[in-house]
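What follows is a set of notes on a single structure, which appears directly below.
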Amino acid sequence: MKMADVNYDGFCVIFFHGVGGSGDGWRDFLHRVVPKGTHLIYPTAQKYPVTLYGGRTMNSWFNLIDRNTTDVYELKTCTNFVHHLINEEIKRGRNPENIVVGGFSQGAALALYAVMTFDKKLGGLFILSGWQPVDWEFPPSVYPSPLHAIPNITTPVLHCHGQLDCQIRLGTAYHCKRSLENFLVNYQFKEVPDVGHEVNDEMEHDVTMFISKIVKEKEIMKKST
């Protein structure tokens, strides 16, 4: 789609793939889950050595030292890139609440951190087989607190995780769930049975319905104003 053909009054979905993947690898999935006319952005990460995989060079948003350790500097550098993508859409006239961000695995971790640290309320976030990086920045707290003042505390969040995921264990997903439930108002977690580190038809359906609901609610609000 040429930039001149983009409707900045409509919705945009920005999606981030997992380590070793590519944006193009998710193109068909994204076209299936969004309403017609949605602008899609699905960048591909640059190639870097990933310590977790023996230093192999692969598409990666940030280095993974092991399954529990993220290179925080690289995560935050890449988060600036995500914020830049979002801000470019806003500069072109798109309402930030018409922007939905999502990702799979490492891309889901990036999407989660980027949305939770963005300075404007967005339309939604979906996390597929992901985890919460640098969770110490979001400690348990009693309302009201600085944590409860983040712009996206009321943003709809869908979190899906395969019950049989052996790369990002279900326990890691539940740790993320407990953290996010502490301060997010509109958070939904779904444990998907008989699914590993992948996205199946059920998860695809859930994402489709999640995005559709956000779009419909915004349309209703627009008509009532």
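The values are calculated or read from the model by the stated rules, or taken from the named source; none is laboratory data. These numbers were taken from a predicted model, which means no experiment stands behind them. For neighbour counting, all protein chains shown are included, and Cβ atoms are generated from backbone atoms with ideal geometry for every residue, glycine included. Note: accessible area is taken over every heavy atom of the protein model, side chains too, but ligands, DNA and RNA are not part of it. Shrake-Rupley method; radii C 1.70, N 1.55, O 1.52, S 1.80 Å.
Computed from label points 7 Å out along Cα-Cβ, the spacing between K36 and D135 is 4.3 nm. Here the accessible area is traced with a 1.4 Å probe on the protein chains. For the chain, carbon and sulfur cover 53 percent of it.
Kirkwood hydrodynamic radius computed over the chain comes to 17.8 Å, based on all pairs of distinct alpha carbons. Ranking C160, S212, A109 by Cα position along the charge dipole of the chain, where only Lys, Arg, Asp and Glu carry charges on their C-beta atoms, puts S212 farthest toward the positive end.
With 26 Å as the limit, the listed pairs K190/K222; K47/K76; K47/K190; K120/K218; K47/K91; K36/K213 have K190/K222; K47/K190; K47/K91 beyond it between alpha carbons.
Dipole magnitude for the chain: computed about the Cα centre from +1 point charges on Lys and Arg Cβ and -1 point charges on Asp and Glu Cβ, it is near 560 debye.
Accessible area ranking (1.4 Å probe, heavy atoms, ligands and nucleic acids excluded), largest first, for K223, K76, K36, K216: K36, K223, K216, K76. In this structure the amide hydrogen of I150, modeled in the peptide plane, comes within under 5 Å of no amide hydrogen from residues 5 or more places off or on another chain. Near the amide H of V19, within less than 5 Å, lie the amide hydrogens of Q106, G107, all on another chain or at least 5 residues away, with H placed in the peptide plane. Positive-end ranking of V13, Y174, V72 along the dipole of the chain, with charges on Cβ about the Cα centre, is headed by V13.
FRET efficiency for C166 and T51, Cβ-Cβ distance as r, R0 = 22 Å, nearest 0.05?
That pair, C166 with T51, gives E of 0.70.
Accessible surface calculations at 1.4 Å, restricted to protein heavy atoms, place the chain at 49 Å² per residue.
Extension gain for L85 to H148 (0.36 nm times residue separation, less C-alpha to C-alpha distance): 20.2 nm. Measuring r between the beta carbons of N7 and E198 and using R0 = 30 Å, the FRET efficiency lands at 0.40.
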